[in-house]
1. Show the residue pairs that are 6+ apart or on different chains and have beta-carbon atoms under 6 Å apart, the first residue being within segment 160-180 and more than 13 Å from residue 93 (Cα to Cα), the second being at pLDDT 95 or above and of a type in the set (S, T, N, Q).
2. Within segment 236-255, how many residues turn out to be within 13 Å of the ligand (Cβ to nearest atom) and charged (D, E, K, R)?
3. Scanning segment 353-384 for residues that are in contact (Cβ under 8 Å) with a residue 24 or more places away in the chain and open to solvent by 60 Å² or more (accessible area, probe 1.4 Å), which turns out nearest to the ligand (Cβ to nearest atom)?
4. Is there a residue being more than 16 Å from the ligand (Cβ to nearest atom), assigned to a helix (DSSP H, G or I) and free of Cβ contacts under 8 Å to residues at least 24 places away in the same chain anywhere in segment 137-144?
5. So is residue 118 surrounded by fewer than 19 Cβ atoms within 10 Å (Cβ to Cβ) and outside any helix (DSSP H, G or I) or not?
6. Scan segment 374-394 and tell me whether some residue there is charged (D, E, K, R) and under 30 Å from residue 140 (Cα atoms).
7. Going residue by residue through segment 94-108, is there one that turns out to be of a type outside the set (Gly, Ala, Ser), open to solvent by 60 Å² or more (accessible area, probe 1.4 Å), over 30 Å from residue 30 (Cβ atoms) and not in a helix (DSSP H, G or I)?
8. Give 291, 316 a once-over and let me know the one that is within 20 Å of the chain's Cα centre (by Cα) and open to solvent by 20 Å² or more (accessible area, probe 1.4 Å).
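The values are calculated or read from the model by the stated rules, or taken from the named source; none is laboratory data. Here the structure is a predicted model, which is why all the values come from computation and not from measurement. Reconstructed Cβ throughout: ideal geometry from the backbone, glycine too, with neighbour counts over all protein chains shown. Just the protein is used for accessible areas: all its heavy atoms, side chains included, with ligands, DNA and RNA removed. Shrake-Rupley method; radii C 1.70, N 1.55, O 1.52, S 1.80 Å.
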Amino acid sequence: MADLVTRYREIFGGEGTVRVVRGPGRVNLIGEHTDYNGGFVMPMALEAAVRLALVPHRGPTVALWSEQFAERAEFTLGAPEPANAPHWLRYPMKVAEVLAEAGVRLAGFKAVVQGDVPVGSGLSSSAAYEVASSLAFLLAAKPDTPAGPAQEVAAPHGLTTGKLALLCQSAEHRVGVRCGIMDQFISLHGRKGHAIVLDCRDLSFQAAPLPSDRATVVVIDSAVRRKLTSGAYNERRSQCEEGAGQMRKFDPGIKELRDVSLDLFKAHEASLSQVVRRRCRHVITEDARVLESAEALKAGDVERFGRLMNASHDSLRDDYEVSGPELDLLVTIARGVPGVLGSRLTGAGFGGCTVTLARPDAVEALRAAVRARYTKETGLEPRLWVSEAADGAAVEV
Ligand code: NG1
């Protein structure tokens with residue numbers, strides 16, 4: 001953090017106290033492609049995060065330096081989008097737009113943006129960036145706000161963190177992906193040592209303690225960057241909406257796939273096209289797996305949780321068709337290691353990361369197995385992190 005403040009001075013020089021805001025990335029333990037169907041998810045926030053070091057000022061200009069792209073760009077609050085704005089500038093621009101529409105009186109700032117959430121790997125770098133940007137805007141609007149968790153930063157603006165998550169989600173929609181609420185929500189509501197079980201319909205949630213003495217969460221980046229994601233992602237979403245629409249004929253109370261029971265689905269699945277049927281089967285069974293996982297965690301049954309993670313991956317591979325040879329290989333390698341409880345792709349899929357639950361004493365064997373096989377078979381360099389569940393977004397300094 002001290003480094004980031006120093007970096008700010010190097011880039012922008014000047015006076016004023018440098019403040020630092022943080023929005024964490026996340027890994028989803030189970031509940032994939034359920035959030036935009038009104039269903040259930042079980043993510044945890046990561047130590048990896050996007051941070052902005054900023055100094056607010058009174059003018060309408062937001063000037064940003066991106067460490068990742070080694071590039072400076074700026075925009076003016078309330079003005080039309082600048083021509084040739086780099087893609088990374090669009091996130092804070094859209095966050096500013098939604099906050100202004102929600103009644104926040106915005107002020108400009110200069111900031112250095114730095115992140116260690118790998119981009120395009122299913123760990124929600126975009127949500128981390130939106131959430132960190134939203135705190136930067138709230139702070140710039142009320143520069144006397146002390147350091148503290150997102151709840152305390154949002155409250156003086158009459159905002160809850162649930163509302164802030166929804167605003168950041170709509171910023172993402174305006175950038176172009178019709179994502180669900182999971183990523184922005186967990187980035188704002190993460191809790192050290194815990195996953196959360198979130199009902200994406202009413203945003204009620206429970207923190208679920210992770211038994212770190214018996215199960216370690218390992219994230220492995222396949223090094224396959226996602227391509228064409230927004231198209232394939234939005235297509236899945238439309239297929240789910242189509243499925244829910246068809247099922248509504250049999251029960252007018254159905255709003256989203258979350259409302260379709262497995263029994264109802266089985267009774268009427270023949271009326272769906274092959275593809276839509278598979279998409280629906282994934283979402284409906286995945287919702288049930290999240291609820292069962294929450295029970296397993298409560299009972300301390302990490303083996304059962306692991307088996308549910310395995311079933312989730314298989315369903316994402318076969319029915320939702322968002323895996324790929326590299327993700328499947330990582331999962332196969334992990335499952336072959338004694339002491340691994342379960343392994344699955346995490347995030348949207350089409351590349352990115354897997355998440356594995358392993359006994360703590362199996363982690364080194366997992367690392368060795370991945371090193372021995374993955375690069376040989378794919379030519380790619382995977383990265384592996386042992387991940388602790390972290391707290392949600394905050395003004396740190
Ligand atoms: P990732 O993989 O982090 O982009 C995406 C969506 C989530 C959720 C998952 C699939 C975005 C920003 N987020 O996550 O809302 O739908 O896929 O479960 O696109």
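1. 161/151; 164/134; 165/184; 169/184
2. 2
3. Narrowing segment 353-384 to residues in contact (Cβ under 8 Å) with a residue 24 or more places away in the chain: 353-360, 362-363, 365-366, 369-370, 373-374, 377-378, 380-384.
Narrowing further to those that are open to solvent by 60 Å² or more (accessible area, probe 1.4 Å): 359, 373, 377, 381, 383.
Numbers: 359: 26, 373: 25, 377: 24, 381: 21, 383: 16 Å.
The extreme case among them is 383.
4. no
5. no
6. Within segment 374-394, one or more residues are charged (D, E, K, R) and under 30 Å from residue 140 (Cα atoms).
7. Within segment 94-108, one or more residues are of a type outside the set (Gly, Ala, Ser), open to solvent by 60 Å² or more (accessible area, probe 1.4 Å), over 30 Å from residue 30 (Cβ atoms) and not in a helix (DSSP H, G or I).
8. After ruling out the rest, the residue left standing is 291.
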